[in-house]
Every structure is written in C-alpha cells, then in structure tokens.
1. Just a yes or no: is a residue in segment 53-64 in contact (Cβ under 8 Å) with a residue 40 or more places away in the chain and either surrounded by fewer than 15 Cβ atoms within 10 Å (Cβ to Cβ) or touching a strand residue (DSSP E or B) at 6+ places or on another chain (Cβ under 9 Å) (or both)?
2. Quick check on segment 118-127. Is at least one of its residues surrounded by fewer than 16 Cβ atoms within 10 Å (Cβ to Cβ) and within 25 Å of Val42 (Cβ to Cβ)?
3. Would you pick out the residues in segment 124-154 that are in contact (Cβ under 8 Å) with a residue 40 or more places away in the chain and not in a helix (DSSP H, G or I)?
4. Report every pair of residues separated by at least 6 positions or lying on different chains whose Cβ atoms are under 9 Å apart, first residue within segment 25-37 and over 26 Å from Pro135 (Cβ atoms), second surrounded by 12 or more Cβ atoms within 10 Å (Cβ to Cβ) and among the β-branched types (Val, Ile, Thr).
Amino acid sequence: MHPFSASQPPLLVIALGYLGLLPFIGGALSIWVLPLGWRSFVLGALLDYAAVILAFMGAIHWGLAMRAEESEDAPLQLGLSVIPPLLGWLAIASGMPLLAALPLMLVGFVGLYLADVHAVRLGLAPQWYPALRMPLTAIVSLCLLVAWSSLFLS
C-alpha cells in the first residue's frame, strides 16, 4: 500500500507527534501547579514553543507546495506556509499581551488543521494526515485554552 493512501499514520509519526505535545501539556499543567511566581515564565515559554511549532507546521505546507510544483495549487500552499510563522512571530516579537497572543496561537493551530485537511483533499498530503492532526490540534488547543484561562483566574 502506498503511504499516501494509508488511512492511519505510521507509528513513528504518531510517536513523534505526541512527543511534541509534552511542552504544551507540561506548560499548561505547570501554570496551575507551580508557585504563582513562575506563571509568567511558564506562559512565555509555552507561547515561544507554540510559535516554533506554528513555524514548523507552516513549513510542511511549503514542502507540499514544492510537491505541487507547477500546479494551480502551489501558490495557495506557498501562501499557507508563511501565515503560521508570521502569526507566531507577531505573538512573540510584538510585545502583544498574553491575553491576545494565546488566542492568536489558538486561531493559528485551528487554521493549520483546516489547511491540512484542504491539502489532503488536493492529494498533496497523505490520507492519514487528518487522523494524526485532529487529536494533536485538539490537545494543543485545549492546552492553550487552559493557559489563557489562567490569566482570568489569577
């Protein structure tokens, strides 16, 4: 079976995807269990990691655009590839308050998931990709919401 037509992601891909969640989960939990004095550091680290992962995930769409080569889908994939790192950069480099930066990251990750599903429909990404990305995106989103909620309950 060709890897693009498989319905489930390879085990290594699953393992690496879930390992990538550890900083999200650790950050979201640490906000609630560490002393209050650590909250600012943990929120900043979580936001930085989210920006890095947004850039990483955006780069996947750059690769998909290269796969599309000269097709009519390549320009859209190229455009989709630069939006996530720009959102991450805006969130961490602009001095944006966490109250706005964390929801911006959430929008970025949900948008990436939608772009991923679109890439599968175009045949640029493997059929199994949404089966991997859906739970990862849900967990990342939950972690960002948990972190964001801490700003209201301090």
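Bear in mind that the values in this text are calculations on the coordinates, not laboratory data. Worth saying up front: this structure is predicted, and the values here are computed from it rather than measured. Note: ideal-geometry Cβ built from the backbone for every residue, glycine included; neighbour counts use all protein chains shown.
1. There is no residue in segment 53-64 that is in contact (Cβ under 8 Å) with a residue 40 or more places away in the chain and either surrounded by fewer than 15 Cβ atoms within 10 Å (Cβ to Cβ) or touching a strand residue (DSSP E or B) at 6+ places or on another chain (Cβ under 9 Å) (or both).
2. The answer is no, given that none of the residues of segment 118-127 is surrounded by fewer than 16 Cβ atoms within 10 Å (Cβ to Cβ) and within 25 Å of Val42 (Cβ to Cβ).
3. Leu124, Ala125, Pro126, Gln127, Trp128, Leu151, Ser154
4. Short answer, once both residue conditions are applied: Leu34/Val42.
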